[in-house]
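Below is one structure; the comments refer to it alone.
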Amino acid sequence: MKQRDDKAHILRAVNLVCDATFHGKRKDKLGTLVFKDVKSKVKLSKTTSI
């Protein structure tokens with residue numbers, strides 16, 4: 001199991017953009033969801049579901 005590094009979270013205003021990409025057939029329900037701050041170009045989160 002991968003361990004996460006301890007990070008200090010700094011609250012700040014962001015311009016949030018979300019992009020979803022789905023793979024395979026509709027019954028597979030496999031996809032990736034990415035959240036990104038447009039101004040700083042920082043990827044905030046990436047989620048993959050099966």
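Every read-out reported here was derived from the displayed coordinates using simple, explicitly stated rules and does not represent laboratory data. Here the structure is a predicted model, which means the values were calculated and not measured. Glycine also receives a Cβ, built like all others from the backbone with ideal geometry; neighbour counts cover every protein chain displayed.
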## Note on the structure
Those residues of the range 24-38 which are in a loop (DSSP other than H, G, I, E, B) and surrounded by 10 or more Cβ atoms within 10 Å (Cβ to Cβ) amount to 28, 29, 38
### Task
Give me the pairs, please: first residue somewhere in the range 4-23 and under 25 Å from residue 49 (Cβ atoms), second residue anywhere and of a type in the set (S, T, N, Q), beta-carbon distance under 8 Å, and either six or more positions apart or on two chains.
14/40; 20/32; 21/32; 23/32
